[in-house]
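Student: Quick one: the structure is below, and I'll ask about it shortly.
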Amino acid sequence: MSQSSHQTFKKETRVAIAGLGAIGQSLARSLAQGAVPGIRLVAVSAKNHQKAQAFVDTLAHSVPVMSIEALEPVADIVVECAPAALLSDIVTPFLKAGKQAIVLSVGALLFNDHLRDVAAQNGGSIIVPTGALLGLDAVIAAAEGTIHSVKMVTRKPPQGLKGAPHLIEHNIEVDGLTAPLKVFEGNARDAAKGFPANLNVVVALALAGVGPEKTTLEIWADPAVTRNTHTIHVDSDSASFNMTIQNIPSENPKTGRIVAQSVVALLRKMGASLRVGT
């Protein structure tokens, strides 16, 4: 029996999706097909309205394409799947209204500290799904004690890192690599700044554990890998553990397929009478 066999939503929950990249489109298809009982997709927002309209016309049930500003009045939850720079514009209206915002541009949270204050002052909540990160529950539990160290090593196909600000700033070329190249070593905050489209996973790890300054990271452009691979080493007073996950890229090589599925699982869990996991 799955943890979500019995849904307990008291009423239908209306969901809006902001951003229709690979993750947003995958999520929209699932929700429009009724993947989660009690959850209804009611609106989407995207930069290119014409392209977005053509997409929603292919869904099991079409929904209106709206501006970011128009989403809050029609939805109870917004799922942010957009470029990191739009995070505050998307989620602030929902937080001010005491509603929930599911955030995928996790790295941008480090540079939008005001959002936590807005949520706290108005009874709203920011929710970060597990996404592509294995073992987040274990890190959260370990953080109730003392975590001594957290390190992550990420290996991605070079094309999945191309165009990152850190690579441009340091003139690092990843085309034509024949061997793995370490393109970054530092903490999660600097990684989020240098790789805003790639490293939401390490920021989620940092927020769950010892924070962005103490969470360290290596990033490798590796022509031998076809999947985004994250290896995490955690040492704490309750447990020491190592985890490796290989995520199959979505249509966008910067993100994994499992991210959209993680949001569906989160929405399912929110209305389930049996919830498994911290």
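Student: Which value, in nm² and rounded to one decimal, describes the direction-averaged projected area of the C-alpha convex hull of the chain?
Tutor: Projected over every direction and averaged, the Cα hull of the chain covers 15.2 nm².
Student: Express the carbon and sulfur contribution to the solvent-accessible surface of the chain as a percent, rounded to the nearest whole number, probe 1.4 angstrom.
Tutor: Exposed carbon and sulfur together represent 51 percent of the surface.
Student: If I fit a long axis through the Cα atoms of helix 258-270 and take the longest principal axis of the Cα atoms of the chain, what angle between them do I get, 0 to 90°, rounded to 10?
Tutor: 50 degrees
Student: While we're here: Quick one: putting +1 on the C-beta of Lys and Arg, -1 on the C-beta of Asp and Glu, what dipole do you get for the chain around its Cα centre, in Debye to the nearest 20?
Tutor: Here the size comes out at about 740 debye.
Student: In addition: Between 0 and 90 degrees, rounded to the nearest ten: what's the tilt of helix 22-32 against the longest Cα principal axis of the chain?
Tutor: 30 degrees
Student: Give the angle, between 0 and 90 degrees and rounded to the nearest 10, that separates the Cα long axis of helix 87-96 from the longest principal axis of the Cα atoms of the chain.
Tutor: 50 degrees
Student: While we're here: Hey, can you find the accessible area per residue of the chain for me, probe 1.4 Å, expressed in square angstrom? Walk me through the numbers before you get to the answer.
Tutor: Details: 12860 Å² over 278 residues.
Solvent-accessible surface per residue comes out at 46 Å².
Student: Calculate the length of the line joining the C-alpha centroid of segment 24-103 to that of segment 112-126, in whole Å.
Tutor: Answer, in whole Å: 20.
Student: Rounded to two decimals, what is the ratio between the C-alpha radius of gyration of segment 126-178 and 2.2 N^0.38 Å?
Tutor: This ratio for segment 126-178 stands at 1.63.
Student: Also: Farthest toward the dipole's positive end in the chain, which of Val42, Val234, Val183, given Cβ charges of +1 (Lys, Arg) and -1 (Asp, Glu) about the Cα centre?
Tutor: Comparing the listed Cα positions along the dipole, Val42 ranks first.
Student: In whole Å and largest first, what semi-axes does the C-alpha gyration tensor of segment 35-156 yield when each eigenvalue is scaled by 5 and square-rooted?
Tutor: Values: eigenvalues 172, 68, 43 Å².
Here the semi-axes work out to 29, 18, 15 Å.
Student: Let me have the relative contact order for the chain, percent, based on Cα pairs under 8 Å that are six or more residues apart.
Tutor: On the way: 599 pairs, mean separation 62.1, N = 278.
It rounds to 22 percent for the chain.
Student: Then there's this: Would you calculate the convex hull of the Cα atoms in segment 153-278 and tell me its volume per residue in Å³? Before the final figure, lay out the partial values.
Tutor: Numbers: hull volume 14.7 nm³, N = 126.
Convex hull volume per residue, Cα atoms: 117 Å³.
The values are calculated or read from the model by the stated rules, or taken from the named source; none is laboratory data. Remember, predicted model here, so these are calculated numbers, not experimental data. Please note: Cβ atoms are built from the backbone with ideal geometry, for glycine as well, and neighbour counts cover all protein chains shown. Only protein heavy atoms, including side chains, enter the accessible area calculation; ligands, DNA and RNA are left aside. Shrake-Rupley method; radii C 1.70, N 1.55, O 1.52, S 1.80 Å.
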